[in-house]
């Protein structure tokens with residue numbers, strides 16, 4: 001993990017941290033919670049998003065990441081706590097509400113239509129037209145040019161914007177979705193597990209676009225369960241577990257190892273080792289898990305048995 | 001590392017992806033398979049039968065094609081939008097019956113009946129679409145139900161109103177002559193009588209192509225058929241688009257229904273059953289995917305033209321017309337396979 005100390009450090013070196021010095025966050029959550037009937041899906045989550053900063057939300061499956069983004073994206077309403085946009089308290093009733101204040105979400109399934117050309121996908125739902133009344137027609141050339149230009153800005157060289165988007169690789173499609181959100185005026189960009197289905201190289205490409213979006217002044221919320229992806233690009237880390245926040249760190253206060261250890265959950269690992277031992281016959285595996293537990297215990301300074 | 005992040009060099013073009021030649025791009029178009037089929041069929045019948053290429057017989061072929069093609073326009077758009085309609089065949093007759101019997105029963109100008117028929121046709125489309133988007137049932141079920149209900153209504157209402165199996169003759173009524181001139185006349189082009197439906201067909205194909213490729217609505221149709229959830233997520237009014245498509249099919253049905261009525265002066269109430277498949281076949285031969293999101297209006301038109309050529313070509317070649325249905329089935333199978341192969345090859349390159 002040599003890459004982890006990149007640029008973030010240099011970037012933050014001579015800068016005051018906006019978390020503590022800006023009076024108003026782009027987006028701020030204060031003790032936000034959500035119940036589905038009698039199930040507590042999320043409780044007491046506090047986080048902030050600022051211009052040009054990446055806030056990572058980390059957690060395993062079922063930790064409440066999806067619920068959190070659904071609240072921010074306007075798909076669900078929170079039951080407790082306060083959600084503020086530019087200092088103003090809001091409760092979104094629809095995704096349109098969230099979009100209107102500049103919160104755009106790039107979902108895991110990306111919301112692209114695979115058989116349609118890239119440029120049609122880029123402008124889908126917000127097509128540019130010219131002409132009057134019933135003779136309004138698509139401004140095809142302009143849309144193609146803008147698509148090409150916007151993607152080039154993000155560092156993607158597309159051979160042909162007429163290509164069906166389904167022919168692009170997963171990473172490239174992700175980038176088109178990000179570029180689309182950026183172009184249509186997003187201030188806050190939510191990325192829902194963008195690297196989950198990607199290989200190593202493609203993930204790297206997507207991480208680079210996250211930094212691109214950040215450098216263009218967007219506040220980015222990066223949802224992932226992979227600390228190795230989150231750490232290099234993130235400025236702040238919110239760790240979720242079983243619907244609760246188990247930590248909210250600034251980059252300078254945490255190392256990748258600590259982050260990983262928190263994520264891995266020493267207690268769970270210890271339990272796994274215990275169970276395997278009871279099954280018997282997996283001596284080498286048990287030994288490996290135990291050494292892992294020891295590692296975790298060392299970095300977090302806690303003891304697990 | 002810092003430099004690269006601050007100012008990323010554009011990715012080097014992937015060396016594994018070659019440029020697509022214009023020819024390969026052409027092969028990627030949905031209607032290419034059908035076009036090749038149409039040319040082969042045309043050459044075939046031209047060789048087999050000397051009458052086939054005479055202008056007058058060609059006009060007859062075009063007329064036959066247009067009666068399928070007018071409907072194929074709407075059906076193709078609907079199929080690109082991800083749905084299909086089994087009620088089209090009888091809906092055409094419903095429209096014609098409405099126009100004739102309403103005007104006859106109340107002794108009105110036939111144009112009043114024509115206007116009411118338009119309302120009814122659009123209404124049938126609206127109801128199909130509305131039930132579909134409200135219940136989220138597959139279009140197969142919804143339109144099959146409409147098909148059965150309309151078949152029953154056509155027969156029952158006709159018997160109730162006119163005591164017979166066909167609508168009463170409206171040839172002597174006000175406005176019949178002008179309506180016939182609009183819906184069922186012929187235009188003389190260089191000595192050849194070309195039916196007016198051929199022109200309706202061409203205009204509809206042109207309008208549909210323009211809508212599909214050059215308007216917002218066209219983008220929405222492709223998106224609704226390609227991935228309705230994705231389309232909804234980026235703000236495409238998917239339900240409106242789908243209802244609109246069913247209504248467009250209704251409009252095409254009205255045009256054809258009026259032609260059927262005014263080409264004669266009455267309509268058989270039991271007609272139309274089975275024709276819905278011809279329209280779907282034309283659209284599929286023309287390269288529209290049954291699953292939606294892919295196809296073209298021109299493709300549907302070529303599909304209809306293939307149908308017209310096969311239908312009349314068999315007669316001109318003096319074969320037994322009993323073979324026609326077999327031939328049609330074979331055409332459908334071959335065309336679909338060719339489309340599939342062409343599409344895969346084009347996408348791979």
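Placing pseudo-labels 7 Å out from each Cα toward the beta carbon at residue B:126 and residue B:318 gives an inter-label distance of 5.5 nm.
Residue exposure proxy: A:290, B:136, ordered by other Cβ atoms within 10 angstrom of their Cβ from fewest to most, comes out as B:136, A:290.
Packing, taken as the mean count of other beta carbons within 10 Å per residue, orders the peptides A:121-127, B:172-178, B:144-150 from highest to lowest as A:121-127, B:144-150, B:172-178.
Site pair residue A:216 and residue B:165 shows an inter-label distance of 6.8 nm when each label is modelled 7 Å from Cα along Cα→Cβ. Ranked by the mean number of other Cβ atoms within 10 Å of their residues, highest first, the peptides B:279-286, B:319-326 come out as B:279-286, B:319-326. Which angle between 0 and 90 degrees, to the nearest 10, do you get for helix B:88-105 versus the longest principal axis of chain B when only C-alpha atoms count? The angle comes out near 30 degrees.
Residue separation of residue A:30 and residue A:82 scaled by 0.36 nm, minus their Cα-Cα distance, works out to 18.2 nm of gained length. The stretch A:73-149 and the stretch B:211-275 have Cα centres spaced 27 Å apart.
The ranking of A:107, A:209 by Cβ neighbour count inside 10 Å, starting from the fewest, reads A:107, A:209. For the segment A:29-41, counting C-beta atoms of other chains within 10 Å of every residue's C-beta and taking the mean gives 0.
Of the beta bridges in the stretch A:62-221, as assigned by DSSP with both residues counted there, near 40 percent are antiparallel. Per residue of B:216-224, other chain Cβ atoms within 10 Å of the residue Cβ number 5 on average. With a 10 Å cut-off around each Cβ of B:32-42, the average count of Cβ atoms from other chains is 0. Expressed as an acute angle from 0 to 90° and rounded to the nearest 10, what is the orientation of the C-alpha long axis of helix A:266-279 relative to the principal long axis of chain A? That works out to roughly 60 degrees. As a calculated quantity, the FRET efficiency between residue A:145 and residue B:178 at R0 = 45 Å, using C-beta atoms, amounts to about 0.35. Gain on full extension, evaluated as 0.36 nm per residue between residue B:47 and residue B:188 minus their Cα-Cα distance, stands at 48.1 nm. Taking Cα atoms only, the orientation of helix A:283-300 departs from the longest principal axis of chain A by about 80 degrees. The stretch B:77-123 and the stretch A:168-208 have Cα centres separated by 49 Å. Here the sum of -39500 (n - 2.57) over DSSP H runs of 4 or more residues, divided by the residues of the protein assembly as shown, equals -18000 deg cm²/dmol at 222 nm, to the nearest 500. The calculated FRET efficiency for the pair residue A:60 and residue A:135, based on their C-beta separation and a Förster distance of 41 Å, comes to about 0.15.
None of the figures in this text is laboratory data; all of them are computed from the coordinates on show. All values reported here derive from a predicted model rather than from experimental measurement. Virtual Cβ from ideal backbone geometry, glycine too; neighbours counted across all protein chains shown.
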